[in-house]
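Enquirer: First the structure, then my questions, so here it is.
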Amino acid sequence: MLTCLNNLGLKTFVDEFISPDIQSKFCTLSFNNCFSNGSISDLVLRQNNTELLSWSDFSCFSSINTLRLYNSYIESDFIYNPISTIKQLYLYPKSNIDSIYQVVPKYDVLTLSNLTNSYVLKASYLKNVKFLNIFGGFIIFDTEGDQSNSELESLSFTSDSLPILTGFPKLKQLSIYSGQNSIFNESSLGNLVPLNKLTSLTIDINTPDVDIFSHIISISNSSLLNIYFGSGIKMGPAKQKYDFSIFENMTQISLFGDNKYFNFEGQFPFSSLPPKLTYLIFPNGNFSFPDIKFFENFTSVGFNSISRSNVYGTLPKYTLSKKVSFSMSNNKLTGTIDKSWCNINSDFSNNLFSGELPECFYCFLNDSSVSKFLKGNSFTNFNTNNQDCGYSQISIYSIKFSALGISFNIYGKNMGHYQNIIATPPLTLSDNNLDGSISGYLSTPVGNLKTVEFRLKSPGINFTIAVKPENPTIDSITQNNNTFTIYGTYFSYNQSSINVIIGNNICNVFSSTFYQIQCEIGYPVVDKGIINLKVTVEDKFSSSKSFEITQTNQPCHPNDCNGNGVCDHVYGVCKCNSRWVTIGNQICLITNHFISSSTQVDSTTGGNITLYGSFGPDHLSYQLIIDGLNSTIFFIDDNSILTSIEPGTGGKLITFIQNSITWSGTVYPYIIKSFKCPNDCGGNAQGNCNTLNGQCDCLKGYTGFDCSPLPIVKTKDEPSSTTSVASSGLTTISNEQTGYQLSINSVVEIDFNGKEIPNSLIKLSGNWKLESNQNSISIFKQQVENTIFILTIEEIENSDKQFSFAGNNFTVSKGGIKISFSISNWNYQSNLNTLRVEMISDIKIDENKDINSCNDDNSQPSFESSSNSQSDTGNLNYLKFSINGKILQGRFQDKMLSDGRPTSTFSKVLSKTNNMVTLGLDLPHCIECLLDPDFSVLLSPDFKSSDSCKSDDKKPWLIPVVVVIPVVVVATIITVIIVLAKKNSVKLRIVDLNKPLQGTATVQSKEKTTLKVIDPIKNFPELQNKPELEMAKLLQMSEKVNKDELEPIEKYNIENGNNDDEDNEDEDDKMEDEDDENDENKNSEKKMSHREKFLLKRKLKNEVVTLKEQRKKCKKTNFVQKKEKKSLSQEIHEKVNATLKKKKLKEKT
C-alpha cells in the first residue's frame, strides 16, 4: 500500500502521499477510511497537476470501494471502466467529462460535478446506478430507450424543466436545480404527480412567483418524508391554505427560498401540517405567527433568518404537550414573552419584543448563554448585570427519587438551565423538563442521604433540600408588627406548600427556606398574650409552638379625633362618637344628623311643621323626602328644619340627606283631636269620657282610669298602700301582704327594622348607685362609658299629687310613686337606630304582715289591654292584670321628652307569663331621652276586709290594684307572681296566712321539696256538701312547716322503724290499715265528719299510689335511682304519718 500511495503522490504532486509515514497516518486523514486489516476502503485525492489519471493508477488498492477525486484530470472513459471493487465514485474533474454517452456500469453512488455543457442524457444509460448526482451543465433527458429493470433510486441534476421520470420505478429521492440565468419551466412540475414512491424532494429553481405546492399536494401518495426548497426559489403568494395532512409520514419541511410573498392573505399558508412533522424551517417569511397547535408533534421549529425575516404578531402562550425548540430571531414579533416559554430552548433575539421579561429569563441574564437569545429587543428589564434575584424569585422545592433510588427529578421555580446547577454530593443532571423540573441520576442508590445542597452558579444562591421530608422543627419566633419570622429546619422553599396558623389567624407566607419562614397576618394585630403557632408543610408534616404575641399600636391623625371620638390604637383610626362621622380628611367633624321630634298641625289642613334634631353647620346637597315625595325646605340650621306637610293621618316616613349621609325614620306630625277612653268609662252611669285626652271623669262612688266601682267596705277597714325604695333602685308598692316590685331592667339599641343590635343591651337592674334620698325623693345614677342613666323615684305619701309632663296633666294617688328616667349621650351604632327601655314588675308576698285571705279565690291571672287612639290599636295605652282578685291597672300615655321637646312614643308587651309581664317602650333617636311614669295601688270593687269572711258564707278573693302610668315611654312591666320561701319550688300557691297551721304534710319532687298544710274542711262552711270543691281546696293548700311541727312525725318514724331506704310496702299498708282501725275504735269520740274523713283518705291513697309507682321504676343498682328510691319511700311514710297526726288534731278540737 505504501508503494501505491507513493506512486500516486508522485504523479499528482500530493506531498502527503510521499511522506515516509504515510502508511501509518493515512487512515486519519479527512474522508479516508480503512478496514480493520489496514487496507484502504475510502480514498480522497486532491490533484495538484494536469497528469491524466486512469484506473491503473488505483489498481494496487485491492479493497477500495469509494473514490473521491477533486481537481482531477481523467480519461474520457474513466466512468465506464472502474476497477471491480469500486461502488461509489465522486468526480469533481477539471476536464474530459462532458457527458454520459453510454450505459454506465453498476454504481451505488455516482457523482459528476463541475460539468459546463448542456447535453442530452438518455435515461436508459442510468439503469445500473442507484444514486446519480450530476452538477453543472444542463441536462435534457431523453426518456426513450430501454429503462426496464432500472436500479435508480436517487437522482440529482440541473435542468430548466422536470422530465417525465416514470421510467424509474424505484426512484425515491429527487433533486432538481436550475441555473441562475435560466428560467425554469414551471409547468413541468406537473411531472411530479405520478412519482408516487418519492420519499425526498429537493427543488432549487429560478422561477419568479412559482407555485410549487399546488403540484406537490397533487402527488398521489403518502410516502413523501421531507421537502427541501433551496434558496434560489422565489415563492409567490399562496393560492389557498395548503392542507398537508395528506402526507401522513412527512417529518421535515425546509423552505430556504425567498418567502416574503408566500402567505395566504398575510397568514400562515398552511391550513394543516403533516401529523408526524417534527422539523420545519421557514425563513424569510412574511406572515403572522401561526396557531401554536400546528407544532404539537415537532421537535424543532424555526423561523430564523439573518436579516430578511418578517414574521410578525404576538407570541402566544406555550401550550404544547412536549418541548419544541423554536428559533424566531430576526423577525418582527411584538408584545411580551409569557413565562410558559421558560423551559423551551428558543431564540427570541432581534425582534420587537417589549415589556418585562419573566423572572425565569431575567434572573439569568448575566449568563451569556441565556442573554444572547434575548438581545436585540426592547425589554424594560434587560440587564446583564442583574443582581436582584433571590429566594423569592428562584426556588428549588424538592427532590424525588425513583423506587430504586437512582433516577430523580428536581422540582422548583425558575431554576434555569440544568447546566447552571452544582449539587453536593455530586449529582448528574441531564435535562430540563417541560413542567419545570430537572431530570438526573445517581451512579449509586441514594441510601441514607438526608439532604442535598444545590448551588445555582448564576445568580449565586444556595438551597438545602430534604431527600425525605420530615416534620418541621420550630426553634424560635420573632414578631415585627404583623410580620412573623419562624426559625427552625425542614421547612420548604415552596411558599404555597406551607400553612401557618397563629391562633385563629392564617399567616400568609411570603418568604421561606429550609431554615426560615416569613409570614404576615391581617393588619392590625388584635390578639395579645400567649398564643399557639402551627406550621404545616405539604398538608401532612406539622409542628406547633406557643409564644407571646403583642398587639399593634398605631397613632391616629389627629390623635384626639378632634374631640369627637376615640382613637383605636390597634387600627390607628378614629372611632367617632355616634353624633359624628368622618368624610375625607374631616375626621369626626361631620354631623351624623338625625330627626328626633316634630311640631304638629291639623290633620285636615296640613301646614308648616318644624323638624327637630341634630343637623350640624354643614348642609351640602341636602334633600328632604316625605313619604317618597320631595319636600321644600324653607329654613335649616343646626337643630331644626322648617318645611310643610300635606293633610293626612298617622306617621310619615321621612328621609333626609345631606353631606352624602342619609337618615330615615317616622315622625307623627298631626294633632290628634279625639281619644278613646278605657271601657268607655263604664258608661254614663259611672263616668264621662274626655275625648280631648282620653281620660275618664268618674262620678261619685267610682274610681280608676276606667271608673270601676269603689269597694263596699268601711273606711276604717280599708287598708292603705305604702311605698318603699331600696338602695338598689327597686321600688315596691305594698297593700296588706301583697307588694308590687317595679324596676327598669335594661336599655337596648334597635335598628331600622326593629331588630336588637347585637351586644348593645345594657343591664341596669342591680347596678344603681344611690346619689341622694331627701323628702321622699330618691335619686339613682349609673354610667356606662359615656352614657349616663338617672333614675328619680318620688313617693306620694300624704295625699294625691298633681303633675304635668310633656303637655299632659295627671294625678298620682296617695301611696303611689312617680318615676323619672333619663338617658343621656347614648353612643348609637347608626344614626338610623333608636332605643327601647324594658321595665319589669312582679309580686312579692310578705309573710311577716297580717294575712288577709278573704280575697283569695285561686283564679288564674287574666290580662287585658287597650289603646286610646281612634285609629292605631297597636299601641298599648291601658292594661289590666288580675290574679286571685288582685287587679294591676296601668295607663301609658304617648308622650315623652326628646332633647327637651315632646314627641310620640309607643309601648307594647314584650312577654308575659302567669307571674310576670315585661313591657317595652320604644324611644326615638335622641341625645337626651326623659320618661316620667307613675304607679298607684287601689282596691277592687268587691274587696273584703280581713275579718269579713269569718261570718260570711261567700269569701271574696279580689284585691284591686291600680297602676297609673301617665307617661308612656317607660318600660312598665308589671307581672303578678307568688314567691314561696323555697327558691326553686316547682308549684306556687297563695294561701290564707291568717289561719293557724292545723296539720302538716310534705310532698317531694325531683327539683325540691315543697311543704303543704291541710286545713280542716269544717273551717270552710261554704265548701260543705260540695265534694269537688272540698277536694280542690285540699289540693291547693300548701305552706312551709315549722321544724317543731315535724318532730312528732320524725318521732313516729323512729319508734316504728320507718327509716329503711328500701321498699317497705307492707309497712306502708299496715299504717294505712291502722288508720282505718283508729277511725272505728274512736267512733264515739271523733269530731271529723264522714265526708271530711273520706276526702282526706282518698287524697292520701291517690298520692301514695302515685309515689309507689314511681318508686318501682327505680333500680337499686343505679346510684342516682337508688337515692331517688330512698327519697320516695321517705315521702310515703311522711304522708301517712302526717295524715294520722291530722286526724288526732281534729279529734282534740
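Enquirer: Under a Cβ-Cβ cut-off of 12 Å, what is the net charge of the residues other than TYR177 that fall near it, where Lys and Arg count +1 and Asp and Glu count -1?
Expert: -2
Enquirer: What's the center-to-center distance, using Cα atoms, between segment 517-566 and segment 769-803 in Å?
Expert: Result: 47 Å between the Cα centres.
Enquirer: Counting only residues 5 or more places away or on other chains, whose amide H sits under 5 Å from the amide H of GLU771 once H atoms are built in the peptide plane?
Expert: Those lying under 5 Å, H to H, from GLU771 are ILE779, PHE780, LYS781.
Enquirer: A follow-up question, please. Just list whichever of LYS322/LYS400; LYS769/LYS814; LYS317/LYS413; LYS11/LYS127 have alpha carbons separated by over 23 Å in the model shown.
Expert: LYS769/LYS814; LYS11/LYS127
Enquirer: Each label point is 7 Å from the Cα along the Cα-to-Cβ direction; what then is the distance between the points at LEU352 and THR336, in nm?
Expert: Between LEU352 and THR336, the simple spin-label model gives 1.9 nm.
Enquirer: Using 1/(1 + (r/R0)^6) with R0 = 30 angstrom and r between the beta carbons of SER824 and ASP602, what's the FRET efficiency to the nearest 0.05?
Expert: Efficiency, from the Cβ-Cβ distance: 0.30.
Enquirer: Okay, next question. Working out 0.36 nm times the residue gap between ASN786 and ASN504, then minus their Cα-Cα distance, what length gain in nm do you get to one decimal?
Expert: 98.3 nm
Enquirer: For segment 593-668, what log10 I(q)/I(0) values come out of the Debye formula at q = 0.11, 0.12, 0.17 1/Å, with one point per alpha carbon and no solvent?
Expert: Debye curve over Cα of segment 593-668, log10 I(q)/I(0) at q = 0.11, 0.12, 0.17 Å⁻¹: -0.24, -0.28, -0.57.
Enquirer: Using only alpha carbons, build the gyration tensor for segment 301-449 and give me the equivalent ellipsoid semi-axes, biggest first, whole Å.
Expert: 32, 17, 12
Enquirer: Tell me which residues come under 5 Å, amide H to amide H, from GLY355 once H is placed; ignore anything under 5 positions away on its chain.
Expert: Distant-sequence amide H within range of GLY355: THR380.
Enquirer: Spelling out what I want: for every residue of segment 324-338, take phi, set θ = phi - 60°, compute 6.51 cos²θ - 1.76 cosθ + 1.60 (Karplus), and round to whole Hz; glycine and proline get x.
Expert: These are the phi-based 3J(HN,Hα) values: 10, 7, 10, 10, 10, 5, 6, 10, 10, 6, 10, x, 10, 9, 6 Hz.
Enquirer: Which FRET efficiency value, to the nearest 0.05, do you get for GLN516 and GLN554 by plugging their Cβ-Cβ distance into 1/(1 + (r/R0)^6) with R0 = 22 Å?
Expert: Result of the calculation: an efficiency of 0.25.
Enquirer: Suppose each label sits 7 Å from its Cα in the direction of the beta carbon; what would the THR913-THR483 distance come out to in nanometres?
Expert: Distance between label points: 5.9 nm.
Enquirer: Using the structure shown, list the pairs from LYS755/LYS880; LYS239/LYS293; LYS652/LYS895; LYS673/LYS908; LYS293/LYS332; LYS676/LYS908 with a Cα-Cα distance above 25 Å, or answer none.
Expert: LYS755/LYS880
Enquirer: Describe numerically, in nm with one decimal, the distance between label points set 7 Å from Cα along Cα→Cβ at SER187 and at ASN6.
Expert: Modelled inter-label distance: 6.5 nm.
Enquirer: Apply the Karplus curve 6.51 cos²θ - 1.76 cosθ + 1.60, θ = phi - 60°, to the phi angles in segment 702-710 and return the couplings in whole Hz, x for Gly and Pro.
Expert: With coefficients 6.51, -1.76 and 1.60, one gets 9, 8, x, 5, 10, 6, 6, x, 5 Hz.
Enquirer: Output the peptides 487-493, 240-246 sorted from most to least packed, where packing is the average of other Cβ atoms within 10 Å over each peptide's residues.
Expert: Result, highest mean first: 487-493, 240-246.
Enquirer: Going by average Cβ neighbours within 10 Å, how do the peptides 673-681, 810-818 rank, with the highest at the top?
Expert: Ranking, from highest mean packing down: 810-818, 673-681.
Enquirer: Would you please give the residues with an amide H less than 5 Å from that of SER156, counting only those at least 5 places away or on a separate chain, with H modeled from the backbone geometry?
Expert: Close amide H contacts, sequence-distant or interchain: LEU132, ASN133, ILE134, SER175.
Enquirer: In a shell of Cβ-Cβ distance under 13 Å around SER497, excluding SER497 itself, what net charge do Lys and Arg (+1) and Asp and Glu (-1) give?
Expert: That works out to 0.
Enquirer: Residues of segment 227-247 with amide nitrogen under 17 Å from the 7 Å Cα-to-Cβ point of SER200?
Expert: 227-231
Enquirer: Which of the peptides 157-168, 449-460 is most tightly packed, and how do the rest follow, judged by the mean count of other Cβ atoms within 10 Å per residue?
Expert: In decreasing order of mean packing, 157-168, 449-460 become 157-168, 449-460.
Enquirer: Another question about this same structure. SER214 to LYS400: FRET efficiency via 1/(1 + (r/R0)^6), r the Cβ-Cβ distance, R0 51 Å, to the nearest 0.05?
Expert: Plugging the Cβ-Cβ distance into 1/(1 + (r/R0)^6) gives 0.45.
Enquirer: How large is ³J(HN,Hα) for each residue in segment 676-683, as worked out from phi by the Karplus curve 6.51 cos²θ - 1.76 cosθ + 1.60 (θ = phi - 60°), to whole Hz, x for Gly and Pro?
Expert: Working through the residues one at a time gives 8, 9, x, 6, 6, 6, x, x Hz.
Enquirer: Measure out, as a whole number of angstrom, how far apart the alpha-carbon centroids of segment 423-491 and segment 635-708 sit.
Expert: Using only Cα atoms to place each centre, the spacing works out to 81 Å.
Enquirer: Let me ask another. Figure the gain on full extension for ASN585 and THR424 (residue separation times 0.36 nm, minus the Cα-Cα span) and round it to one decimal in nm.
Expert: Here the segment from ASN585 to THR424 would lengthen by 52.0 nm.
Enquirer: Using only alpha carbon pairs under 8 Å that are at least six residues apart, calculate the relative contact order of segment 395-466 and give it in whole percent.
Expert: 32 percent
Enquirer: Once you have the Cα-Cα distance between ASN49 and THR166, take 0.36 nm times their residue separation minus that, and quote the gain in nm to one decimal.
Expert: 37.9 nm
No lab work stands behind these numbers, since they all come straight from the coordinates. All figures in this text were calculated on a predicted structure; none of them were measured in a lab. Methodologically, a virtual Cβ is constructed for each residue, glycine included, from the backbone with ideal geometry; neighbour enumeration extends over all protein chains shown.
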